[in-house]
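Everything on this sheet refers to the single structure shown next.
The values are calculated or read from the model by the stated rules, or taken from the named source; none is laboratory data. Remember, predicted model here, so these are calculated numbers, not experimental data. Backbone-built Cβ (ideal geometry, glycine too); neighbour counts: all protein chains shown.
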Amino acid sequence: LELGSDLQRALAEEQFAVEFQPVVELATSRVTGVEALARWWRDGVSVPPEEFIGPAEESGLMIPLGNWILREACAEVARWRESSWDIGLSVNLAARQVAAPRFVETVAEVLEETGLPPHALTLEVKEEVLVEDAGQNVERLSALRELGVRLAIDDFGTGYASLAYLGQLPVDMIKIDPSFVAGLGRDETLTLLTRTIVRLGHDLGLIVVAEGIERPEQLELLREMGCPRGQGFLVARPMSPGRAQALVRTNL
Ligand code: G
Ligand code: G
Ligand code: MN
Ligand code: NA
């Protein structure tokens with residue numbers, strides 16, 4: 001895989017960066033936290049994660065890359081927390097990272113080294129991570145959860161997690177996939193499904209985050225549904241660490 005060797009060099013030459021997208025409490029617009037999003041600055045051009053996360057997984061580089069992103073994001077937010085309040089950090093995990101032999105130890109070490117309190121970190125995984133080879137993955141994520149780390153299901157509603165299963169998984173948060181949010185106010189079924197997911201999350205005691213909010217109408221409907229948190233270009237775009245820290249410090 002040609003991209004594989006490019007990625008290896010990029011990692012060695014530190015061509016990767018982390019951006020942060022704010023997540024807000026919808027009722028108040030207060031920033032509750034940020035999601036770390038990886039960027040590859042390849043020869044000065046930003047390569048989107050869709051183009052390198054897959055190849056990184058296939059070439060085995062996802063583990064070192066994922067660990068680098070985790071450490072970088074935790075270190076950054078730990079610094080912000082010295083001069084602001086209890087801001088949270090979400091980091092996306094690829095399936096390969098959770099399956100890596102020293103996964104639990106690595107996360108614990110990163111928290112220790114960066115000084116980020118465990119409760120400030122939310123790990124985002126897609127549904128399949130909790131369903132395929134669920135035994136080992138669920139066990140490992142549960143071990144981190146016992147340290148105080150929070151767990152989120154990313155792209156909720158698009159994967160395999162059955163509703164019956166959801167009640168048993170060690171999760172704290174569900175992030176509603178943007179494909180539902182996209183239909184708010186435009187598609188009756190998607191609007192109904194979004195409302196149902198919000199209620200389900202609430203009834204299970206989970207924090208619900210709506211993703212991909214781009215239009216004011218979506219924001220209004222989500223508020224009316226009582227969706228607690230949201231994220232999307234209308235709220236705030238992914239931004240550099242400096243800009244994100246400034247936003248967090250004033251908190252809108
Ligand atoms: O930031 P952007 O919208 O371009 O992200 C596109 C996709 O890449 C999303 O599915 C997002 O979850 C994923 N992604 C972004 N950063 C990371 C990362 O650090 N690790 C993993 N595993 N996925 C990421
Ligand atoms: O899969 P995950 O939820 O981690 O993906 C996050 C990605 O979604 C990021 O790459 C981010 O840039 C992108 N994103 C965030 N908000 C919006 C939005 O409002 N619209 C669209 N199209 N993408 C968004
Ligand atoms: Mn995510
Ligand atoms: Na998502």
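Here is how the numbers come out for the structure above:
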quantity	calculated
Selection status of residue 112, in contact with a Pro (Cβ under 7 Å, 6 or more places away or on another chain) and either of a type in the set (Asp, Glu) or within 17 Å of residue 149 (Cα to Cα) (or both)	no
Flag for residue 107 being in a helix (DSSP H, G or I) and either of a type outside the set (Lys, Arg) or crowded, with 18+ Cβ neighbours inside 10 Å (or both)	yes
Residues of the stretch 59-78 satisfying the condition of being more than 10 Å from ligand 1 (Cβ to nearest atom) and either on the phi > 0 side of the Ramachandran plot or assigned to a helix (DSSP H, G or I) (or both)	60, 63, 64, 67, 71, 74, 75, 76, 77, 78
Residue in the stretch 59-79 that is more than 16 Å from ligand 4 (Cβ to nearest atom), in contact with a helix residue (DSSP H, G or I) (Cβ under 7 Å, 6 or more places away or on another chain) and more than 27 Å from residue 118 (Cα to Cα) present	yes
Among (1) within 16 Å of ligand 3 (Cβ to nearest atom); (2) part of a helix (DSSP H, G or I), the one test that residue 81 misses	(1)
Where residue 86 falls short, out of the listed (1) in a helix (DSSP H, G or I); (2) in contact (Cβ under 8 Å) with a residue 12 or more places away in the chain; (3) surrounded by fewer than 15 Cβ atoms within 10 Å (Cβ to Cβ)	(1)
Residue check for residue 27: under 17 Å from residue 150 (Cα atoms), at pLDDT 95 or above and out of contact with any Leu (no Cβ under 6 Å at 6 or more places or on another chain)	no
Any hit, the stretch 49-56, residues being surrounded by 22 or more Cβ atoms within 10 Å (Cβ to Cβ), over 14 Å from the mean Cα position of the chain (by Cα) and in contact (Cβ under 8 Å) with a residue 24 or more places away in the chain	yes
Selection within the stretch 5-27 - among the small types (Gly, Ala, Ser) and either in contact with a Phe, Trp or Tyr (Cβ under 7 Å, 6 or more places away or on another chain) or within 22 Å of residue 71 (Cβ to Cβ) (or both)	10, 12, 17
Residues of the stretch 221-242 classified as away from ligand 4 (no atom under 16 Å from the Cβ) and more than 19 Å from the chain's Cα centre (by Cα), total	6
Residues within the stretch 27-56 that are of a type outside the set (S, T, N, Q) and assigned to a strand (DSSP E or B), tallied	13
Meets criteria (surrounded by fewer than 23 Cβ atoms within 10 Å (Cβ to Cβ), more than 27 Å from residue 172 (Cα to Cα), of a type in the set (Ser, Thr, Tyr) and in contact (Cβ under 8 Å) with a residue 40 or more places away in the chain) for residue 59	yes
